[in-house]
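Input: a single structure, listed below in structure tokens.
The values are calculated or read from the model by the stated rules, or taken from the named source; none is laboratory data. Model, not experiment: these values are computed from the prediction. Reconstructed Cβ throughout: ideal geometry from the backbone, glycine too, with neighbour counts over all protein chains shown. What goes into the accessible areas is simple: the full protein's heavy atoms, side chains included, and nothing from ligands, DNA or RNA. Shrake-Rupley method; radii C 1.70, N 1.55, O 1.52, S 1.80 Å.
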Amino acid sequence: MCGIVGYVGQRDVVSVLLKGLTNLEYRGYDSAGIALQDSGDIKVYKSLGKLINLKNELEQRRAEIKQPIAGIGHIRWATHGSPSLVNAHPHSCTCGKLVVVHNGIIENYKELREELSKKGCEFRSQTDTETIAHLVADEYSKTKNLELAVRNSVKKLQGAYAVCVMHKDVPNLIIGARKHAPMLVGVGEGENFIASDTPAIIEYTKRTIYLEDNEIAVVTKDTVKVTDIEGNVVTKKVETLPWEPMALSKLGYKHFMLKEIHEQPDVIRNVLNGKLYDIDEPIALNEVKLDSEILKKLNKIEIIACGTSLHAALVGKYIIEDFAGISVEVEASSEYIYRKTTTDASTLVIGVSQSGETADTITAIKQAKAKGSHVLIITNRPDSNMARLADSLIPVNAGIEVSVAATKSYIAQVISFYLLAMHLAEIKGSIDKSYLKNLKHELIQLPTKIEEVLSNTTTIQECARKFSSYKNFIYIARGVNLASAFEGALKLKEISYINATGYAAGELKHGPIAMLDETMPVLSILIPGGITYEKVLSNSEEAKARNAKLIALTSSNDKNIDVLFDVVLRIPQVSEILSPAITCVPLQLLAYYIAEFLGKDVDQPRNLAKSVTVE
Ligand code: G6P
């Protein structure tokens, strides 16, 4: 979703802003713009579509760009007003002296717009953001103090904002403010940065100050002052980012998605590191800050998440119920927040999120906290808003994920759920010890098995080529792999725009079977040794009888499978209960190669955002 970067200092401002925006590109956007301040003026440059268009625009107008000393930049993902040049940020006040960029949604913008229009402000766009520009300019005209003007203005805003402001009459200064949308300051030597997320600044500094809601940062090249909304100075900690700029490079892979898929064995090793080191030792999950006596009595867990994280939550539900016998409900955050839930102080609420910034999940977590629940957050971003709301925090340590389609963060979430389920089972004494030892052993072996899958993708690539012209797919599975079917189908939809739906295989007969014919391939997940294998096999036979083309994803060596199915994607032997941590990999690869074969924009699929920071 939208991204912000601001810079004040000696470097080439245009390059810093473009680099910062490029590093935020992965979040998804439809237009971009920057405002440059030189000693006498502020100029705005905008373009529709990808950043390359903005670069070209800047190149064409290079002659008019003097020596900028500060600048703010933005990539926009349209919420209010269509993607267009006029709606792209930065937005200016009527006289053009003041510019703003903004992430979030201003809920009372219509009332403010009406008021400001009556005062003579000329609105040019359909955005809520433009209101902020006029509002701050109006306040500035009264006080001639930009900091005070921003403070007075944000007090009038309802909704969510991370906003940056510059004024022609106050050079060498950027003011940032936030509420319900992330914003941070990057601290340098004789230069400072402001951004909505860390990748924007990582090339230049790892020292950051995270703003909290209702805080305002006043940034010059030599100083950073943070105040609360009343103007009281707040002493902030300067933190050091854990990321390396390397994380933002494709390292020779054609796409970030492919690189991130290949990183998964190491991601698993990272997640297990320090938590599962010996099969005879209990899982060391000190991150769960609930007393073991409380955990022993725990009988209700609710997991809230969106998108791919919701699918990891479904795996979590299955295994926590299986290992620890605790009842678990899983719900999409967007549903959870608009109904009367039964969450109470005795419920453990788990929020799962790659970004830690998904607006619906943040709202859901706040609601659960208000009900007195202990909130455990499983996230890839320990520096996120959600992490800061957590009573307990499990960082999944997948490293920065750039591709919009989540892959390595999913596997890291799934593995974290295995550790959590085993930890709960050990505390409750609800699982057979030798069975658990075997599972731990298998978990440690998983990265090597995934490396085996990644080392030979020929069949997956052939399958992708063979099936890339189909318009619809059905993925079926049962039990713990139902979530894998949902996730595999989601991956295909996200990056190839092919309609794919995951179904519980037993539900095929209750409706979806009506759609089956030779135009609708069915992909079946078949893991032998468990309770679902034979069932999914017979559901696949039913599909075959309706002329559907069949793809198997299986660890079975049964030759009959080769006869029944048109293509067989084989994975190494794995117990059914742990298999979601490996079945996801060929499904990610299949989606990847189909999208790549079709020439789609794999890393930045249309209409999608990496981090959905608005409801
Ligand atoms: C967006 C992304 C998905 C992601 C979902 C939830 O829709 O495109 O890949 O699964 O948000 O995001 P989260 O950061 O909360 O896991």
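This table checks each residue for (1) modelled with pLDDT of 95 or more; (2) over 18 Å from Leu272 (Cβ atoms); (3) open to solvent by 50 Å² or more (accessible area, probe 1.4 Å).
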residue	(1), (2), (3)
Ala390	yes, yes, no
Leu419	yes, no, no
Met422	yes, no, no
Thr448	yes, no, yes
Ala489	yes, yes, no
Ser496	yes, yes, no
Fill in: Test: residue in segment 425-434 that is in contact with an Asp or Glu (Cβ under 7 Å, 6 or more places away or on another chain) and modelled with pLDDT of 95 or more
no
Worksheet item: Asp383 passes all but one of (1) at pLDDT 95 or above; (2) closer than 26 Å to Tyr161 by Cα; which number fails?
Response: (1)
Worksheet item: Out of (1) assigned to a strand (DSSP E or B); (2) more than 19 Å from Leu553 (Cα to Cα), what's the single condition that is false for Glu494?
Response: (1)
Response to the item:
All-but-one check, Ile283 against (1) outside any loop (DSSP other than H, G, I, E, B); (2) of a type outside the set (Phe, Trp, Tyr); (3) open to solvent by less than 30 Å² (accessible area, probe 1.4 Å), failing number (1)
Worksheet item: Ser611: open to solvent by less than 10 Å² (accessible area, probe 1.4 Å), within 30 Å of Asp517 (Cβ to Cβ) and among the polar types (S, T, N, Q), yes or no?
Response: no
Worksheet item: Which ones in segment 95-116 are part of a loop (DSSP other than H, G, I, E, B) and charged (D, E, K, R)?
Response: Lys97, Glu107
Practice prompt. Please work out if Ser575 is open to solvent by 20 Å² or more (accessible area, probe 1.4 Å) and more than 16 Å from the ligand (Cβ to nearest atom).
Written response: yes
Response to the item:
Tyr318 vs (1) over 22 Å from Ser484 (Cβ atoms); (2) away from the ligand (no atom under 14 Å from the Cβ): all pass except (1)
Worksheet item: Just to be sure, is Ala70 out of contact with any Cys (no Cβ under 9 Å at 6 or more places or on another chain), over 17 Å from Gly3 (Cα atoms), at pLDDT below 95 and not basic (Lys, Arg)?
Response: no
Item to complete: Looking for whichever is open to solvent by less than 60 Å² (accessible area, probe 1.4 Å), within 16 Å of the ligand (Cβ to nearest atom) and of a type outside the set (Val, Ile, Thr) here; the options are Ala543, Ala595, Ala581. Which one fits?
Response: Ala595
Item to complete: Scan segment 362-388 for residues that are over 17 Å from the mean Cα position of the chain (by Cα) and open to solvent by less than 10 Å² (accessible area, probe 1.4 Å) and jot them down.
Response: Ala368, Ser373, Val375, Leu376
Practice prompt. Could you tell me whether any residue of segment 41-55 is surrounded by 17 or more Cβ atoms within 10 Å (Cβ to Cβ) and either in contact (Cβ under 8 Å) with a residue 60 or more places away in the chain or not assigned by TED's automatic domain parsing to the domain that holds Val163 (or both)?
Written response: yes
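Could you list, in sequence order, all residues of segment 288-335 that are within 18 Å of the chain's Cα centre (by Cα) and not in a helix (DSSP H, G or I)?
Hits for segment 288-335 are Ile303, Ile304, Ala305, Cys306, Glu331, Ala332.
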Discussion item. Just to be sure before I move on: is Lys317 within 13 Å of Met422 (Cα to Cα) and either without any contact (Cβ under 8 Å) to a residue 60 or more places away in the chain or not β-branched (Val, Ile, Thr) (or both) in the structure I sent?
Written reply: yes
Worksheet item: Applying the selection to segment 424-446, what residues are open to solvent by 30 Å² or more (accessible area, probe 1.4 Å), over 22 Å from Ser392 (Cα atoms) and assigned to a helix (DSSP H, G or I)?
Response: Lys433, Ser434, Tyr435, Lys437, Asn438, His441, Glu442, Ile444, Gln445
Worksheet item: If only one of Ala324, Ala332 is out of contact with any Phe, Trp or Tyr (no Cβ under 7 Å at 6 or more places or on another chain), among the small types (Gly, Ala, Ser) and away from the ligand (no atom under 16 Å from the Cβ), which one is it?
Response: Ala324
Item to complete: Please indicate, with yes or no, whether at least one residue in segment 428-446 is of a type in the set (Val, Ile, Thr) and without any contact (Cβ under 8 Å) to a residue 40 or more places away in the chain.
Response: no
Item to complete: Determine, yes or no, whether Glu576 is of a type in the set (D, E, K, R) and within 21 Å of Tyr410 (Cα to Cα).
Response: yes
Worksheet item: Just checking, how many residues over segment 165-190 are more than 22 Å from Leu241 (Cα to Cα) and assigned to a loop (DSSP other than H, G, I, E, B)?
Response: 6
Worksheet item: Mind checking whether some residue in segment 289-297 is buried (at least 23 other Cβ atoms within 10 Å of the Cβ), among the aliphatic types (A, V, I, L, M), more than 25 Å from Glu615 (Cα to Cα) and more than 13 Å from the ligand (Cβ to nearest atom)?
Response: no
Item to complete: Return yes when Lys144 is open to solvent by 10 Å² or more (accessible area, probe 1.4 Å), within 33 Å of the chain's Cα centre (by Cα) and more than 20 Å from Ala88 (Cα to Cα) and no when it is not.
Response: no
